[in-house]
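Have a look at the structure below, then the notes.
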Amino acid sequence: MIISITMNPSIDISYPLETLHLDTVNRVINVTKTAGGKGLNVTRVLHQSGADILASGLVGGHFGAFIQEKLSSEGICHHFFMIEGETRNCIAILHQGKQTEILEQGPSITNDEAKGFLSHFDQMIEQASMLTFSGSLPAGLPDDYYKDMIDLCHKKHKLVVLDCSGRALQNALKGQIKPLLIKPNREELAALLGRNVKNTITDLKEALMSPLFDGIEWVVVSLGADGVFAKHYDTFYQVKIPPIEVVNPVGSGDAMLAGLAQALDYKQSDEKVLKHGNVLGMLNAQEKVTGQVNMQNYRVLFDQIQIKKV
Ligand code: ATP
């Protein structure tokens, strides 16, 4: 079983508007509200691609209850740790081909809750063969919290696939025990290294040879429509994907992470791991709803992906 962790989930609210009028009233008809946050996108994609998945993390209040109800209604198992604070809302206003987002910071976690989750987590991971950690840490948790979670997983011989950015990522990489895989995009990689990274084999290779990544088995850099550049131990791969009609690429990185975790959990070959991840990323980009994949289109994309050792 794969356990997906979302420490700062949200109710993602989408407001489609013809035009966004400032400083006056805007009325919305087709509101959608989904259980959101990067980890829950991963969760839904894993569920749709047939994985045995359990969603966990922190939820609180009525909005936290809403998230759990939404997951249950989709047939997704979950085991969250309850906190005092209210789970956040994140609003995306879709107008004139643009997306204006209003993101709440979310609840602040107390010390007791931080400790409580670690013991909840420690018990829960017995059931897992693989874990995914996605997204930002909520206020109140120390920046090295993912590192502590990775250490607990290591003690029980559980593998972790990590997708976060900024200080949470920097701190997770400082630990002695490393995640199995990280999946930065090019901007996140650049931020990590403190320098611009060009989309060329030479520059990407040089970037991934940084001592920062020592001990991490897989570093997968997602490049949107340009596919992926990846390092597995000392082998570098360039993954080229076919052009596709894109509907909404938001969450494609999460869908890709789901695919990478699933294929690694099944102990697939490098080629299959990279292809499966890319196909799920592309399938998400072809859907209107974030964290949604239509598996009927899987094979045709899978067969068009080209992988080269470089
Ligand atoms: P997000 O933060 O929105 O989840 P990301 O920046 O982490 O995204 P991307 O690099 O944009 O991740 O996308 C991940 C993968 O999804 C890509 O490597 C590719 O396989 C697929 N993908 C994303 N955008 C496109 C696109 N425009 N055309 C084709 N495939 C895409």
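The residues on offer are Ile182, Ile150, Ile177, and the sole one that is β-branched (Val, Ile, Thr) and within 16 Å of the ligand (Cβ to nearest atom) is Ile182. The conditions of being surrounded by fewer than 21 Cβ atoms within 10 Å (Cβ to Cβ) and in a helix (DSSP H, G or I) are met by Val300. Please go through the range 208-222 and pick out each residue that is within 22 Å of the chain's Cα centre (by Cα) and under 20 Å from Gly166 (Cβ atoms). Passing the criteria: Leu208, Leu212, Phe213, Ile216, Val219, Val220, Val221, Ser222.
Among strands (runs of 3 or more DSSP E) entirely within the range 214-255, having at least 1 residues that are in contact with a helix residue (DSSP H, G or I) (Cβ under 7 Å, 6 or more places away or on another chain), within 8 Å of the ligand (Cβ to nearest atom) and without any contact (Cβ under 8 Å) to a residue 60 or more places away in the chain singles out 218-222, 228-232. For the range 157-178, a residue qualifies if it is more than 19 Å from Leu141 (Cα to Cα) and over 14 Å from the mean Cα position of the chain (by Cα), and the qualifying residues are His157, Lys158, Leu159, Gln176, Ile177, Lys178. Taken together, Leu118, Leu204, Leu131, Leu141 contain a single residue that is under 16 Å from Leu257 (Cα atoms) and at pLDDT 95 or above, which is Leu131.
Taking the stated definitions as given, is Ser4 surrounded by fewer than 24 Cβ atoms within 10 Å (Cβ to Cβ), within 23 Å of the chain's Cα centre (by Cα) and either closer than 23 Å to Leu141 by Cα or at pLDDT 95 or above (or both)? Spelling it out, it is not the case that Ser4 is surrounded by fewer than 24 Cβ atoms within 10 Å (Cβ to Cβ), within 23 Å of the chain's Cα centre (by Cα) and either closer than 23 Å to Leu141 by Cα or at pLDDT 95 or above (or both).
Here the condition is being under 17 Å from the mean Cα position of the chain (by Cα) and more than 14 Å from the ligand (Cβ to nearest atom); of Gln262, Gln268, Gln296, Gln292, it holds for Gln262 alone. Every listed requirement among (1) in contact with a strand residue (DSSP E or B) (Cβ under 8 Å, 6 or more places away or on another chain); (2) in a loop (DSSP other than H, G, I, E, B); (3) within 16 Å of the ligand (Cβ to nearest atom) is met by Pro138 save one, (3).
Scanning the range 192-213 for residues that are over 25 Å from Leu159 (Cα atoms) and within 14 Å of the ligand (Cβ to nearest atom) turns up Val197, Asn199, Leu204. Just one of the numbered conditions (1) assigned to a loop (DSSP other than H, G, I, E, B); (2) over 30 Å from Ser14 (Cα atoms); (3) within 20 Å of the chain's Cα centre (by Cα) is not true of Val273: (1). Within the range 143-169, residues that are under 13 Å from Ile5 (Cα atoms) and part of a loop (DSSP other than H, G, I, E, B) have Cβ atoms under 9 Å from residues that are within 16 Å of the ligand (Cβ to nearest atom) and small (Gly, Ala, Ser) in these pairs: Cys164/Ser134; Cys164/Gly135; Cys164/Ser136, counting only partners at least 6 apart in sequence or on another chain.
Taking the range 146-167 as the range and being crowded, with 20+ Cβ neighbours inside 10 Å and within 21 Å of Ser252 (Cα to Cα) as the test, the residues that pass are Val160, Val161, Leu162, Asp163, Cys164. Starting from the range 276-304, keep only residues that are on the phi > 0 side of the Ramachandran plot, then list their pairs with residues that are outside any loop (DSSP other than H, G, I, E, B) whose Cβ atoms are within a distance under 6 Å, requiring at least 6 positions of separation or different chains. Listed pairs, sorted by first residue: Gly291/Asn41; Gly291/Arg44; Gly291/Val45.
The values are calculated or read from the model by the stated rules, or taken from the named source; none is laboratory data. All figures in this text were calculated on a predicted structure; none of them were measured in a lab. Reconstructed Cβ throughout: ideal geometry from the backbone, glycine too, with neighbour counts over all protein chains shown.
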